[in-house]
Amino acid sequence: MHIEIDEISKQFGTTAALHPVSLSLPSGALVALLGPSGSGKTTLLRILGGLEFPTSGRVLFDGQDATGLSVQERRAGFVFQSYALFRHMTVFDNIAYGLNARPRASRPTKAEIARRVTKLLDLIQLPDIGARYPSQLSGGQRQRVALARALAIEPRMMLLDEPFGALDAKVRKELRQGLRDIHDTTGLTSVFVTHDQEEAMELADLVVVMSMGRIEQIGKPQDIRARPATAFVRDFISA
Amino acid sequence: MSDAVTLKFRSATEETPLARWVAIGIAVAGIAVLVFAPLLAVFAEALTRGVGAAIASLANRDAQSAIKLTLIIAAISVPLNAAFGIAAAWFITKFDFRGKAFLITLIDLPFSVSPVVAGLCIVLMFGTNSLVGGWLVASGYPIVFALPGIVLATMFVTFPFVARELIPVMIEQGRAEEEAALTLGASGWRTFRTVTLPNIRWALLYGVLLCNARAMGEFGAVAVVSGKIRGQTATMPITIEMLYNEYLSVAAFSLAALLTLLALVTLLLKTALELRHADQLAATHRA
Ligand SMILES: Nc1ncnc2c1ncn2[C@@H]1O[C@H](COP(=O)(O)OP(=O)(O)OP(=O)(O)O)[C@@H](O)[C@H]1O
Ligand SMILES: [Mg+2]
């Protein structure tokens, strides 16, 4: 799905988290929102997911105005920074949650739900952990379960807030490729937030560099490396 | 073979055996003197003339009416306060607004106001001499010296218990899990039912039990609004006091023992639930 962000701004009381920003994300792209802490990355992601509403501006999905769509109607697969797995449910029930939440008419049968959950567990290469609780998983496993849970709703796009933020360097590297693979198999437009420029450059098709609520540069990783648009971008990517 | 050198390691938070035993001893002695001894005394006093006399005194009409009234009051005020407590805690923890700190203080107000004063407030507001009260009495719905007044007084006094238990738990848990449920397509109500409520259930249970114990035991506020009409508005604690003042000690202590048993039953219930769900508790409370 093609995502268009049109002059979106967000004000929290007196702080401007986002100055009007505009952005066009081509269908099927893996996009990185890159910037230092407080630059407005999470805010922009939450606005896309419908968890936050912009002070002004519009969001368009495939050319349709989606600004007024509720969080449920957006059908975004959201992966939270701390994963936000339901701690009182097993991994299986976590992944099945979105399917069980569907209205009766469009809810798959129990057997069908089980089949899909099993398939997703295979996709994240953790076929045997369905009966465990989130507290019994490692950080990397939790991250992948969060990914599977988001994918289960057959989302229109994937939104990931620092998907590797809480993991050590080695696991990060492994999971990076995992995310790339899953993105390539699903073909979903995916936006992930990071403040790690190496991660953004290595993984993304398109990198959006942000600073203090503004977009500094949008481009392919190699273009941003070759021609940083501002002094900020040059400093940030060489850091 | 070398000489075995036994090294004893003690973790940093561990005390010497002596200190540990002294601490445990003080705690046990304190509980024994302050909690168990008085409780035993109540039961002993109730049984001075034998089990038969104690049971007979409970079968008395006024005693029966008091027991029924106390159970009715708990059955009305505890669920209502649980609902209000959940709503208040939810509102306070899930939204940012001005005057939040003030609202939290306001929830604590019943703890700091003397129950007698709370009772007087209700009498002032709903008594026959007040505007509202006069009209209600005239239309046949008296509040003061009747069940509604006692329920109001009980609810006022026990309001903080549930909210107090829930607020810290809900603050600690944050909003992320609920937001996740919403992004997965769940409605607000479904999110509340399947994510919020299960996450707070232990705190809720504990708050409800405390609330219930206090609702059944409340004396001061109820004494003011009930008018202490024997067989009509006299709750168990009120009846106990009246019997005691009339030197009917077996009757007074039998009723007191029953009130104590009701409280103990709720505590046992909680312990049983905790034991039954111990594995799940352990799984969900780690990390
Ligand atoms: N709910 C909120 N209330 C008030 N201010 C907020 C809120 N959320 C974000 N902000 C402010 O908006 C700005 C952008 O925050 P945002 O969370 O989008 O940054 P970020 O780029 O995701 O940072 P990080 O890398 O630290 O997660 C910050 O100045 C932050 O303080
Ligand atoms: Mg952030």
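The values are calculated or read from the model by the stated rules, or taken from the named source; none is laboratory data. Please read all numbers here as calculations on a predicted model, not as lab measurements. Using ideal geometry, Cβ is built from the backbone for each residue, glycine included, and neighbour counts are taken over all protein chains shown. SASA here: full protein model, heavy atoms, side chains in, ligands and nucleic acids out. Shrake-Rupley method; radii C 1.70, N 1.55, O 1.52, S 1.80 Å.
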Anything losing 50 Å² or more of accessible area from the isolated chain to the full protein assembly: pick those residues out of region A:113-136, probe 1.4 Å, ligands and DNA/RNA ignored. A:SER135
What accessible area per residue comes out for chain B, rounded to a whole number of Å², with a 1.4 Å probe? 57
Determine the shape class of region A:1-113: with a ≥ b ≥ c the square roots of the Cα gyration tensor eigenvalues, call it rounded for a/c under 1.5, and otherwise prolate if a/b is greater than b/c, oblate otherwise. prolate
B:LEU103-B:LEU261 pseudo-label distance in nm [points 7 Å out on the Cα-to-Cβ vector]: 4.4
Length-normalised contact order for region B:155-287 - Cα pairs under 8 Å, 6+ apart - percent: 23
Rounded to whole Hz, the Karplus (6.51, -1.76, 1.60) HN-Hα couplings of region B:150-158, x for glycine and proline: 5, 5, 4, 4, 5, 5, 4, 5, 9
Magnitude of the Cβ-charge dipole of region A:166-239, K/R +1 and D/E -1, about the Cα centre, nearest 20 debye? 160
Give the Kirkwood hydrodynamic radius (Å, one decimal) of the protein assembly as shown, defined as one over the mean of 1/r across all pairs of different Cα atoms. 28.0
How much length is gained on full extension from B:LEU124 to B:SER187, taking 0.36 nm per residue of separation minus their Cα-Cα distance? 18.3 nm
If you take the accessible area of A alone, add that of B alone, and subtract the area of the pair, what total do you get in Å², probe 1.4 Å, to the nearest 100? 2200
Inter-chain Cβ neighbour average for residues B:184-196, partner chain, 10 Å: 5
Stokes-Einstein D for chain B at 20 °C, 1.002 mPa s, Kirkwood Rh over Cα pairs, in µm²/s? 96
In the protein assembly as shown, carbon and sulfur make up what percent of the accessible area (probe 1.4 Å)? 63
Semi-axes of region B:152-208 from the Cα gyration tensor (sqrt of 5 times each eigenvalue, largest first, whole Å) come to 26, 12, 9
Just how many % of Cα pairs in region A:81-154 lie over 14 Å apart, if you round to the nearest whole percent? 54
Share of alpha-carbon pairs per 5 Å distance bin for region B:43-167, given as whole %: 2, 10, 14, 14, 15, 14, 12, 9, 5, 3, 1, 1, 0
To one decimal place, what orientation-averaged projected area in nm² is obtained for the convex hull of the Cα set of chain A? 13.3
Dipole of chain B (Lys/Arg Cβ +1, Asp/Glu Cβ -1, origin at the Cα centre): which of B:MET216, B:LEU248, B:LEU147 lies farthest to the positive side? B:LEU147
Pair A:PHE12, B:ALA83: separation of 7 Å Cα→Cβ label points (nm): 3.5
